Amino acid sequence: MKSKLPNTKTSIFAVMSQLANEHNAINLSQGFPDFDVSPKLIELVNKNMKLGFNQYAPMPGVMKLREIISEKTEKLYGKYYKPETEITITSGATQAIYTAITTIINEGDEVIVFEPVYDSYVPAIELCGGTPIFLTLKGKDYKIDWKEVQKVITSKTRMIIINSPHNPTGSTLNEKDIKQLEKIVAGTNIILLSDEVYEHIIFDGKTNLSFSSSKELSKRSLIVSSFGKTFHTTGWKTGYCVAPEEIMKEFRKVHQFVVYAVNTPLQYAIAEYLEDENTYLELSSMYQERRDYFINSIKGSKFELIPTSGTYFQLLDYSKISDETDSVYAEYLTKEHKVASIPVSAFYHDKVKSKVLRFCFAKGNDTLDRAAEHLLKL
């Protein structure tokens, strides 16, 4: 059988989590919290199951949830999306991203992606017959070089994928970035895919610069978010996509045959839970406390800290500890020192010389304390 993805291997997240399990290591590799979901949210799911909301939801999603997403987006970003035609509930952000790419990309189209790049983008592009155009984020703050972007745009450029707050680096866009992108895409037919799953996990007084808040960008953007990331429910696989009506119409054509509809009682429960805006507005401060706790717990170690502005990931440079490549060192750290991380080189299409590891700090203090104890010994 001929493979459609001959160069694609098992996800690095699955590989490192399995290695962590095999060696009884503290798993700071895969991005999932180890603390409990809100009891209120669990109760709301149970309540809606008992109320009988257990059959197919409407294909675009439960209207109550779409309405409250519309209200939330307008309040936060000043952009109104019509619940009826411009918002679709998805089975997690990964499905939304795959559907968005499948909707737009045809054989021969080019898609600009920025490395280190989250691992689900490129396979989806390739499955559609598209060509990923790789650009590298610059410096230790992992910024986009917009002059490079302008240089690689051709008549074949159909999409640019942006992820902010960015996984794996924790970098975020600023106002200058938004203005530069607006200039680049103005007058083109380029579609933007904005992966904003960490929109509510952003630190140090910054705010998420959603593409929804830009008139130029919002008219050509598919914007993806995730309740799994927002409400610590990654196993529920529930997210959503917003886009202008003419784009969303095409998105739904694909969506209906990829997943058709999303878990019904979860949608009703999340809709009711979102009525209290503090459920997401207080998220940044909570995760900033965990970031700072993790940073303080490893003070005195030989790791060099690379600042993170968002997400629940922290990059650490280990070049003062070892000369091994990051993939080798990540395996060694898991097996011998019982802390699992992700080598950042896994987010590049070609082999790069990296001595940077990604650690997830969406954990309880006891987990972070145990991890720090091991890391301080290196």
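Before moving on, here are some points about what is shown:
- Unique residue being β-branched (Val, Ile, Thr), surrounded by fewer than 16 Cβ atoms within 10 Å (Cβ to Cβ) and under 29 Å from residue 122 (Cα atoms) when the list is 328, 356, 344: 328
- Residues that are hydroxyl-bearing (Ser, Thr, Tyr), closer than 23 Å to residue 80 by Cα and touching a Leu at 6+ places or on another chain (Cβ under 9 Å) within region 226-249 comprise 230, 238, 240, listed in sequence order.
- All positions within region 296-316 that are buried (at least 17 other Cβ atoms within 10 Å of the Cβ) and more than 20 Å from the chain's Cα centre (by Cα): 297, 298, 301, 303
- Of everything in region 288-329 that is among the hydrophobic types (A, V, I, L, M, F, W, C) and out of contact with any Leu (no Cβ under 6 Å at 6 or more places or on another chain), the residue that is farthest from residue 226 (Cα to Cα) is 328.
- Total residues in region 296-328, condition under 24 Å from residue 118 (Cα atoms) and not in a strand (DSSP E or B): 13
- The residues listed here are 65, 51, 76; of these, the one that is more than 30 Å from residue 336 (Cα to Cα) and loosely packed, with under 15 Cβ neighbours inside 10 Å is 51.
- Inter-residue pairs, beta-carbon under 8 Å, first farther than 11 Å from residue 114 by Cβ and at pLDDT below 95 and in region 125-152, second of a type in the set (S, T, N, Q) and assigned to a loop (DSSP other than H, G, I, E, B), 6+ apart: 141/171
Table: residues versus (1) without any contact (Cβ under 8 Å) to a residue 12 or more places away in the chain; (2) farther than 26 Å from residue 251 by Cβ; (3) not in a helix (DSSP H, G or I).
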| position | (1), (2), (3) |
| --- | --- |
| 155 | yes, no, yes |
| 161 | no, no, yes |
| 170 | no, yes, yes |
| 179 | yes, yes, no |
| 184 | no, no, no |
| 187 | yes, no, yes |
| 192 | no, no, yes |
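- Some residue of region 94-112 being surrounded by fewer than 20 Cβ atoms within 10 Å (Cβ to Cβ), touching a helix residue (DSSP H, G or I) at 6+ places or on another chain (Cβ under 6 Å) and in a loop (DSSP other than H, G, I, E, B): no
- Candidate set: region 2-22, residues that are under 13 Å from residue 330 (Cα atoms) and in contact (Cβ under 8 Å) with a residue 24 or more places away in the chain; chosen: the one surrounded by the fewest Cβ atoms within 10 Å (Cβ to Cβ): 13
- Some residue of region 240-256 being surrounded by fewer than 23 Cβ atoms within 10 Å (Cβ to Cβ), out of contact with any helix residue (DSSP H, G or I) (no Cβ under 9 Å at 6 or more places or on another chain) and outside any helix (DSSP H, G or I): no
- Any hit, region 202-211, residues being free of Cβ contacts under 8 Å to residues at least 40 places away in the same chain, within 25 Å of residue 286 (Cβ to Cβ) and either more than 13 Å from the chain's Cα centre (by Cα) or in a helix (DSSP H, G or I) (or both): yes
- The residues listed here are 102, 90, 85; of these, the one that is under 15 Å from the mean Cα position of the chain (by Cα), assigned by TED's automatic domain parsing to the domain that holds residue 219 and of a type in the set (S, T, N, Q) is 90.
- Residue within region 292-309 that is under 20 Å from residue 166 (Cα atoms) and of a type in the set (S, T, N, Q) present: yes
- Any chance residue 63 is in contact (Cβ under 8 Å) with a residue 24 or more places away in the chain and either farther than 17 Å from residue 227 by Cα or more than 21 Å from the chain's Cα centre (by Cα) (or both): no
- Of the residues 27, 46, the single one that is crowded, with 19+ Cβ neighbours inside 10 Å, under 18 Å from residue 235 (Cβ atoms) and out of contact with any Lys or Arg (no Cβ under 7 Å at 6 or more places or on another chain) is 27.
- Complete set of residues in region 112-127 that are more than 15 Å from residue 94 (Cα to Cα) and within 15 Å of the chain's Cα centre (by Cα): 113, 114, 115, 116
- If you check 12, 42, 26 for being modelled with pLDDT under 95 and β-branched (Val, Ile, Thr), only one passes: 12.
- A Cβ distance below 7 Å, combined with a sequence gap of six or more or placement on separate chains, defines the contacts here; from region 284-297, residues that are more than 15 Å from residue 364 (Cβ to Cβ) reach residues that are surrounded by fewer than 21 Cβ atoms within 10 Å (Cβ to Cβ) in the pairs 284/203; 288/203; 295/305.
The values are calculated or read from the model by the stated rules, or taken from the named source; none is laboratory data. Everything numeric here is computed off the predicted structure, so don't read it as measured data. Ideal geometry is used to build each Cβ from the backbone, glycine not excepted, and the neighbour counts take in all protein chains shown.
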